[in-house]
Amino acid sequence: MNIPIRKKWGQNFLIDPNISKKIIAVLGANKNDHVLEIGPGRGALTTHLSVVAKKISAVEIDPMLCDYLKNKKLNNVTIYNSDILKFDLNMIPKNYLAIGNLPYNISTPILFKFMENSGWDKLVVMLQKEVAERIIASEKNKKYGRISIMFQTFFDLNLEFHIPRTVFNPQPKITSSLLSVVPKKNIKINQTHLKRLVEAAFKHRRKKLKHNLKELINEKQLSNIQDKRADELSVKQYQQLTQYIK
């Protein structure tokens, strides 16, 4: 079946079976697990997943690839022809695992979609190395920003390994990384307040926080940090500031 590669959907297909198995090992799925696969493509992960997991729900935007995957006749795999950003994650039973090779152009919106959904236990994703490094970055690092603070607050993160361009077809221009994400338990931080705070702080990255946060936090509460810039505060400091949001 000759299926064209669609640049508009950011298609880069994994072609190395050893890398596929290594990625699935990080997910750690077993016969009791329901797995959501994001963008299965030509099934590089899907076939292996079908052997180790109880059920796979695969969300693929390309209708031709959906037909291709259905023709594999994997009994425990259900294919959904949908954009993952529009897909209702609540359709998947609670405590599922999620895995996928995220299109580089929409990887951040996909990650934030999963942040808004609490039904999953673990997320393992391939994404642009630069994005992965931004997510795990610490303060006083030029890669540190909104996504670093939001994800480090609510999730345990591990950059597992880097993935070379040569294991994809077509080869992307950048290196990928595998990131594992596990929700932290009993986090009391108000997600809406934290989101407002970091968006305001990093809107003008080089300005002092006394300017960036003056609409959100009283001057008295900013006194100790007013001359600092957004990337100089730690994740913990941002978490503490959420209690002062007006």
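Report yes if His211 is part of a helix (DSSP H, G or I) and more than 22 Å from Trp120 (Cβ to Cβ), otherwise no. The answer is yes for His211.
Would you confirm, using the coordinates I've provided, whether Ser50 is touching a strand residue (DSSP E or B) at 6+ places or on another chain (Cβ under 9 Å), modelled with pLDDT of 95 or more, outside any loop (DSSP other than H, G, I, E, B) and over 25 Å from Tyr104 (Cβ atoms)? In short, yes. The condition of being surrounded by 14 or more Cβ atoms within 10 Å (Cβ to Cβ) and under 20 Å from Ile245 (Cα atoms) holds for only one of His193, His204, that being His193. Among the residues making up the stretch 53-63, those that are part of a strand (DSSP E or B) and either under 19 Å from Leu127 (Cβ atoms) or of a type in the set (D, E, K, R) (or both) are Lys55, Ala58, Val59, Glu60. Cβ-Cβ contacts under 9 Å between residues 6 or more apart (or on different chains), taken from a first residue in the stretch 183-204 that is closer than 18 Å to Phe155 by Cα to a second residue that is of a type in the set (Lys, Arg) and crowded, with 16+ Cβ neighbours inside 10 Å, are listed as Pro183/Lys122; Lys195/Arg146; Val198/Arg146.
If you go through the stretch 24-39 and keep only what is more than 13 Å from Asn76 (Cα to Cα) and buried (at least 19 other Cβ atoms within 10 Å of the Cβ), you end up with Ile24, Leu27, Ala29, Ile38, Gly39. For Lys8, the conditions (1) part of a loop (DSSP other than H, G, I, E, B); (2) at pLDDT below 95 all hold with the exception of (1). Candidates in the stretch 162-190 are the residues that are of a type in the set (Lys, Arg) and under 30 Å from Ser20 (Cβ atoms); of these, the one that is surrounded by the fewest Cβ atoms within 10 Å (Cβ to Cβ) is Lys173.
The values are calculated or read from the model by the stated rules, or taken from the named source; none is laboratory data. All of these numbers come straight from a predicted model, not from anything done at the bench. Neighbour counts are summed over all protein chains in view; Cβ atoms, including those assigned to glycine, are modelled from backbone coordinates with ideal geometry.
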